[in-house]
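The values are calculated or read from the model by the stated rules, or taken from the named source; none is laboratory data. For clarity, every value in this text was computed on a predicted model and none was experimentally measured. No Cβ is skipped: glycine too gets one built from the backbone with ideal geometry, and neighbour counts run over all protein chains shown.
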Amino acid sequence: MFRGLLMRLWLLGPLVMCGLVVSPKGVTFSSVMAAEDTAPTATVEKLHGALIDSMKKGKALGFAGRVSKIDPIVAETFDIAAMARISTGGAWAKMSDAEHADITKAFSDWTVATYAGNFAEFDGESFTTKSQSADDGKGNILVNTRLDAKGIPPVLLNYRLHKVNGTWKIFDIYLDGAISQLAMRRAEFSAVLARGNPAGLVQHMNKLAADAKKDG
């Protein structure tokens with residue numbers, strides 16, 4: 001079940017306090033890194049910690065409560081603007097600033113709603129951070145993690161991060177270590193834009209967000 005859900009996800013969570021890496025329950029490490037090198041991992045693990053907490057409190061929070069909890073974490077840990085731009089491909093350059101803003105907001109709302117809908121109940125799920133490494137020589141970093149859940153094989157989730165105003169943020173996720181979520185979205189969004197216009201893409205993402213609420 002979780003593998004099917006993850007195909008629709010944009011994922012992110014150690015919490016760093018005073019230079020110490022804090023691993024919340026459900027989030028563990030299998031590698032040790034110098035304190036100055038843990039910032040990208042901290043970004044990923046902050047999301048993971050929030051998702052575990054959201055699941056544990058899922059029923060009490062309800063969908064709206066999970067949205068309120070996850071929304072600021074997504075804003076803090078993802079580069080939503082870059083993800084929206086890359087996902088729309090060459091069409092982005094032809095759009096107005098207002099259309100950029102509308103698409104970015106819809107992308108964010110959909111991302112948050114997807115997490116809130118899918119991470120609704122806790123049944124022993126856990127995230128493990130496996131490693132952190134340089135990505136492509138362009139200053140990007142890969143944080144490699146694993147999701148363990150009952151009834152399915154371990155799911156590999158590799159997060160690609162870059163710096164935005166000095167802060168590490170996620171801008172792509174590789175499911176099973178190979179399937180780029182940005183590439184999947186770009187193909188999907190290109191098809192939507194080919195049939196209509198930026199407003200149609202906003203409507204498409206708003207429907208996806210509404211479907212996540214219905215499912216959650």
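Looking at (1) farther than 23 Å from Ala84 by Cα; (2) of a type outside the set (Ser, Thr, Tyr); (3) surrounded by 13 or more Cβ atoms within 10 Å (Cβ to Cβ), which is the one condition that is false for Phe119?
(1)
Only one of Asp176, Asp172 is among the charged types (D, E, K, R) and farther than 26 Å from Gly58 by Cβ; which?
Asp172
Determine which single condition Ala134 fails, assuming it passes every other condition in (1) closer than 23 Å to Ala178 by Cβ; (2) at pLDDT 90 or above; (3) touching a Leu at 6+ places or on another chain (Cβ under 8 Å).
Just one mismatch for Ala134, condition (2).
Could you check Ser96 against (1) at pLDDT below 95; (2) under 30 Å from Ala194 (Cα atoms); (3) surrounded by fewer than 23 Cβ atoms within 10 Å (Cβ to Cβ) and say which number it fails?
Here Ser96 clears every test but (1).
Would you call Phe63 among the aromatic types (Phe, Trp, Tyr), under 20 Å from Val164 (Cα atoms) and either surrounded by fewer than 21 Cβ atoms within 10 Å (Cβ to Cβ) or modelled with pLDDT of 95 or more (or both)?
no
Given the residues Lys213, Lys169, Lys150, Lys207, which is the only one that is among the charged types (D, E, K, R) and part of a loop (DSSP other than H, G, I, E, B)?
Step by step, each of Lys213, Lys169, Lys150, Lys207 is checked, and only Lys150 is among the charged types (D, E, K, R) and part of a loop (DSSP other than H, G, I, E, B).
Let's see how each residue does on (1) crowded, with 20+ Cβ neighbours inside 10 Å; (2) β-branched (Val, Ile, Thr); (3) at pLDDT 90 or above; (4) closer than 30 Å to His204 by Cβ:
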| site | (1), (2), (3), (4) |
| --- | --- |
| Ile141 | yes, yes, yes, no |
| Ile152 | no, yes, no, yes |
| Tyr159 | yes, no, yes, yes |
| Val164 | no, yes, yes, yes |
| Lys169 | yes, no, yes, yes |
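Spot the failing condition for Gln132; the list is (1) under 17 Å from Leu51 (Cβ atoms); (2) in a strand (DSSP E or B), and only one is missed.
Going through (1) under 17 Å from Leu51 (Cβ atoms); (2) in a strand (DSSP E or B) one by one, Gln132 breaks only (1).
Looking at Ile70, Ile86, which is the one that is of a type in the set (A, V, I, L, M), surrounded by 14 or more Cβ atoms within 10 Å (Cβ to Cβ) and over 23 Å from Ala199 (Cα atoms)?
Being of a type in the set (A, V, I, L, M), surrounded by 14 or more Cβ atoms within 10 Å (Cβ to Cβ) and over 23 Å from Ala199 (Cα atoms) holds for just one of Ile70, Ile86, which is Ile70.
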